[in-house]
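Colleague: One structure, as structure tokens, below. Some questions next.
The values are calculated or read from the model by the stated rules, or taken from the named source; none is laboratory data. Small disclaimer: the values here were computed from a predicted structure and weren't measured. Don't worry about glycine lacking a Cβ; one is built from the backbone with ideal geometry, like all the others, and counts go over all protein chains shown.
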Amino acid sequence: MSSTGTPSAVRPAAADSQGFHTTTPHMLKSSKQYASQTLMGGLSGFESPIGLDRRDRIAALHSGDIGFVHSWDINTSVDGPGTRMTVFMSGCPLRCQYCQNPDTWKMRDGQPVYLEAMIKKIDRYQDLFKATGGGITFSGGESMMQPAFVSRVFRAAKEMGVHTCLDTSGFLNRNYTDEMIDDIDLCLLDVKSGDEETYHRVTGGVLAPTIEFGQRLAVAGKKIWVRFVLVPGLTDDPQNVENVARICETFGEAVEHIDVLPFHQLGRPKWHELRIPYPLEDAKGPNAALRARVAKQFEDHGFKVY
Ligand code: SF4
């Protein structure tokens with residue numbers, strides 16, 4: 001996650017009275033806001049290659065003929081501009097303390113979906129995407145864990161003239177070739193902290209690939225919306241925020257704005273359900289004063305902050 005990835009409280013879909021499917025909130029999004037902005041989704045409408053044996057599945061995964069998908073939905077103004085189809089891929093190499101979707105961590109827990117089925121789905125919605133300035137967003141889990149599938153879908157989307165957005169931590173920078181980057185219009189890039197030590201404490205991973213990926217996007221002329229999750233006592237140190245701002249400066253004009261996402265506890269039930277020790281059990285979200293201080297820090301570097 002993605003952004004806080006931005007993904008999902010897995011979105012078990014629940015039919016509403018009109019027969020649509022609303023989804024539960026994804027990552028750090030407010031459930032009320034999110035549910036009001038999403039329709040349909042789950043894993044409906046995809047033909048799944050159930051008959052493939054393990055070896056064929058691995059080969060198909062490497063070629064991008066199939067992808068392991070957690071869920072998808074149609075939303076507005078959540079994962080990029082306009083009305084979008086957001087696809088949450090399964091699998092993530094990080095273990096963020098504030099993850100709202102620990103159920104996306106293992107790729108094998110996702111559902112295999114044919115490339116053609118995904119492309120057909122985009123084709124079906126392409127008029128809606130174009131009319132609203134929307135498109136397709138890949139999120140997760142970590143969308144860059146399945147680079148062949150994601151980049152082939154993006155290639156097909158670009159051939160249809162559909163806007164593409166990658167929601168990622170950038171941690172798997174090396175998985176993505178320059179050619180694959182060519183088909184990204186916008187990246188929602190999680191800069192989860194500003195120095196290696198804090199980044200490792202927050203995610204279990206290393207920061208350098210995120211910086212490199214952001215700089216490659218910038219060189220390629222792509223747009224970036226940076227996402228930073230503000231957790232009191234974990235990511236809020238003024239020097240950490242300052243370091244994130246300095247990293248964003250290295251992306252230059254590519255950065256359109258920075259989303260400061262306030263931590264909240266919507267993901268806690270999932271950690272309990274999966275019986276994973278939850279490190280932020282008693283953590284609170286940031287108060288208004290802290291949010292204002294952090295926003296000002298970014299603004300002082302010339303960034304627009306949402
Ligand atoms: S652990 Fe993975 S899915 Fe969860 S917030 Fe971190 S990057 Fe996103």
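Colleague: For region 216-245, enumerate the residues that are charged (D, E, K, R) and farther than 24 Å from Asp178 by Cα. Let's see the steps before the verdict.
Modeller: Taking region 216-245 and keeping what is charged (D, E, K, R), we get 216, 222-223, 227, 236-237, 242.
Within region 216-245, Asp236, Asp237, Glu242 qualify.
Colleague: Report yes if some residue within region 231-242 is closer than 16 Å to Lys192 by Cα and without any contact (Cβ under 8 Å) to a residue 40 or more places away in the chain; otherwise report no.
Modeller: Start the filter on region 231-242 by keeping residues that are closer than 16 Å to Lys192 by Cα, which leaves 231-242.
Those left that are additionally without any contact (Cβ under 8 Å) to a residue 40 or more places away in the chain: 237.
Looking through region 231-242, at least one residue is closer than 16 Å to Lys192 by Cα and without any contact (Cβ under 8 Å) to a residue 40 or more places away in the chain.
Colleague: Within region 233-259, can you find the residues that are under 23 Å from Glu281 (Cβ atoms) and either of a type outside the set (Ser, Thr, Tyr) or touching an Asp or Glu at 6+ places or on another chain (Cβ under 7 Å) (or both)?
Modeller: Hits for region 233-259 are Gly233, Leu234, Asp236, Asp237, Asn240.
Colleague: For the structure I just gave you, tell me whether Thr198 is at pLDDT 95 or above, away from the ligand (no atom under 14 Å from the Cβ), among the hydroxyl-bearing types (Ser, Thr, Tyr) and more than 24 Å from Ile74 (Cα to Cα).
Modeller: Yes.
Colleague: Residue under question is Gly204, and the condition is that it be within 13 Å of the ligand (Cβ to nearest atom), modelled with pLDDT of 95 or more and loosely packed, with under 14 Cβ neighbours inside 10 Å; does it hold?
Modeller: Considered against the rule, which asks whether it is within 13 Å of the ligand (Cβ to nearest atom), modelled with pLDDT of 95 or more and loosely packed, with under 14 Cβ neighbours inside 10 Å, Gly204 comes out as yes.
Colleague: Residues that are crowded, with 24+ Cβ neighbours inside 10 Å, under 23 Å from Phe263 (Cα atoms) and in contact with a Pro (Cβ under 9 Å, 6 or more places away or on another chain): does region 171-183 have at least one?
Modeller: Yes.
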